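The values are calculated or read from the model by the stated rules, or taken from the named source; none is laboratory data. For clarity, every value in this text was computed on a predicted model and none was experimentally measured. Ideal geometry is used to build each Cβ from the backbone, glycine not excepted, and the neighbour counts take in all protein chains shown. Calculation scope for accessible area: heavy atoms of the full protein, side chains included, ligands and nucleic acids excluded. Shrake-Rupley method; radii C 1.70, N 1.55, O 1.52, S 1.80 Å.
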Amino acid sequence: MSRRTAAIKTLGCKLNQYESEQMRVQLESLGYQMVDYEAGAGLCIINSCTVTSRTDRDTRRLARRAKRLNPKAYVVVAGCYVEVAPTDLEAIPEIDLLLRNADKSRLAQLLPAAEGASDTAASYGDAGPIISDFSGHTRAFVKVQEGCNARCAYCIIPDARGPSHSVEPEQVLAQCQALVDAGCPEIVFIGTHLGQYGRDLDSDIDLAQLINLVSQLPIPRLRLSSIEPREITPEIVQMLRDGGQALVGALTPDPSPGGRGAKANNGLGRVLEGDGELAVSGKLCRHLHIPLQSGCDSVLERMNRPYDTAFYGELVRHIMQLQPATGIGADVMVGFPGETDEEFEATRQFIEDLPLSYLHVFTYSERRGTPAAEMPEQVDYELRKARNHVLRHISEQKRERLAQSMVGRCLEVVLQTPQEDGTVRGISDNYLEVDVAGGAGRSGELVKVEIDAANDSRLSGRLAE
Ligand code: SF4
C-alpha cells in the first residue's frame, strides 16, 4: 500500500517556517511521505500569514488549489489567518480543518483518525517537537519567543500571535543540542519580539543570558533574527564587540531594584556605559536587524513606536563604534498614512547619514483591524512605490559600502550553495554573501575566508590556510 502523502505550504515569517518543520516531523512520525505542494498530496497544510490582505488572499487561493490538484485532498489551514479571521476561512468549502497557532504542536492529535492521527501519537507539549534539521537549509531557525505586548499602529501580529511568551530555556537548549548534533553550523534565534524573551518566565533569564547558555554548547555560531531598538542590552552589544570568538562565562546578575524590564527600558545610558564586568559569549554573529520603520519622529509617533530618531541613531553609532565590522540592517516602512514629502525626506536623510548596511523596505498597506487602516490621509499608492524605490537604492549603496570595507579581511563564512564557477556561496557572520574558492564539497561547514574582492555587495575570497 502506497504511503500517505502530505505537503506543507508556508507563508510569512521565520516563525512559520520553524513551525512547519515541527509539523513535518509530526506527519513523518505518522508515516506520511512529504511531497511538493504541486504534487496533489492527500493531506495539504497551508501555514498561513495575515500580515497583509495579500497574504490572506494567497492563503485562500492555495486552499482552493489543493482541492483542484487532488479533489480527495484533506485541506488544513493553520496559523495567523485562522487566529484573526476564522469566519473568512469557514466560508470556503475546500477547507476541511482550521488550526490555531497553539494547535500546530498537536497536529498529530488533532487530525481526524481517517487522516492517520491517533491518541497514541507522540505528544510534544506547547513547545512542539524537536527538529534535527531544517529541510535542506544549512542554517537553522530556533523559536525562542512568540507574540508581542506592543501595539504598533500598522501591525496585526499581536492579535495573531497573542501576548509575548517565551520557550523555556531547557527546551531551547534541547532544540539547539539536537541541531548541533546534526552538524548545523549556525542557529538563528527567532521570535515575534525577541527582546521580550524571558519576561514571562519564572526563571530570571533574558535574551543575553539565553545566548550565553546556548553558547556553552559546541555550537559554531549564533545569530539573532531581529531585535527592537529598546531591547538591545549592554550584554548584547558586548557580544557583538567580541563576536567570532568562543568566550563564555557567567553573567553579572543585575542588582538594581525593579529588575530587568525597568532597567532595559531606562533609555540608552546603560547601553552606552557598558555595565561593569561582563563575561559574554563570543559566538554571536556581528549582525543585528533592528526595525526602524521611519526616520522621522512625527511618523514614529503616529506609528506608536517606542523610540525616537535620536535614540535609534545614537544606538547604531555606538554599536558601530564598538564593532565597526557589524552588519546592521533595518526595516523601514514607506507611505504610512499622512507621510508628507517633508517627512519622507527626513527619513531619507536620516537613513543616508546612518552607518546601516542594508534596509528591508516595506510599502505600507492597509491591514484590516489595525488603527492605521482607519487613519485619514492614506498616501497615494504610486507615491508609496516611488518612495520605496528611493530607499531600496540607498540600501544597495550601503550594502556595497560594507562589502568594500571587508576586502583584505578574514571572515567566518557558512558555506551553502555550490556555484557554476566552482566556488561555493556562503554567508559571513556580518551578513554578507561570499563566493569562496576552494570550498567545493564543504557546504554546511563554517570556514575562515580571506576576502579578495567585492563585486557590488557580494564578496569573493579563498579559504584561509
Ligand atoms: S511591529 Fe510592533 S506590534 Fe508588530 S510585532 Fe513588531 S513590535 Fe509587535
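The solvent-accessible area of LEU194, taken with every protein chain present and a 1.4 Å probe, is close to 0 Å². Across the chain, C-alpha contacts under 8 Å between residues 6 or more apart give a mean separation that, scaled by the residue count, equals a relative contact order of 10 percent. Applying a 4.7 Å cutoff between beta carbons, the unpaired cysteines of the chain are CYS13, CYS44, CYS49, CYS80, CYS148, CYS176, CYS184, CYS285, CYS296, CYS410. Segment 89-168 and segment 353-417 have Cα centres separated by 29 Å. A 1.4 Å probe run over segment 310-465, with the rest of the protein chains in place, finds 46 Å² accessible per residue.
When a 1.4 Å probe is rolled over the protein heavy atoms, the share of accessible surface on the chain that falls to carbon and sulfur comes to 50 percent.
Here the Kirkwood formula, the inverse mean of 1/r across different C-alpha pairs, assigns the chain a hydrodynamic radius of 23.6 Å. Of the listed residues THR370, THR363, the order by accessible area with a 1.4 Å probe, largest first, is THR363, THR370. Rolling a 1.4 Å probe over the protein chains gives LYS385 an accessible area of about 100 Å². Taking a ≥ b ≥ c as the square roots of the eigenvalues of the alpha-carbon gyration tensor, segment 287-350 is classed prolate because a/c is 1.5 or more and a/b outweighs b/c.
Could you quote the convex hull projected area for segment 339-439, Cα atoms only and averaged over all directions, in nm²? Over all viewing directions, segment 339-439 projects a mean Cα-hull area of 9.4 nm².
Scattering from the C-alpha atoms of segment 402-465 alone, worked out with Debye: what is log10 I(q)/I(0) at q = 0.19, 0.20, 0.29, 0.30 1/Å? Debye output, listed in q order: -0.55, -0.61, -1.31, -1.40. P(r) tail for segment 5-115, what percent of Cα pairs lie past 22 Å? Tail of the P(r) past 22 Å holds 21 percent of the pairs.
Rg and Dmax over the alpha-carbon atoms of segment 140-404 stand at 18.8, 54 Å.
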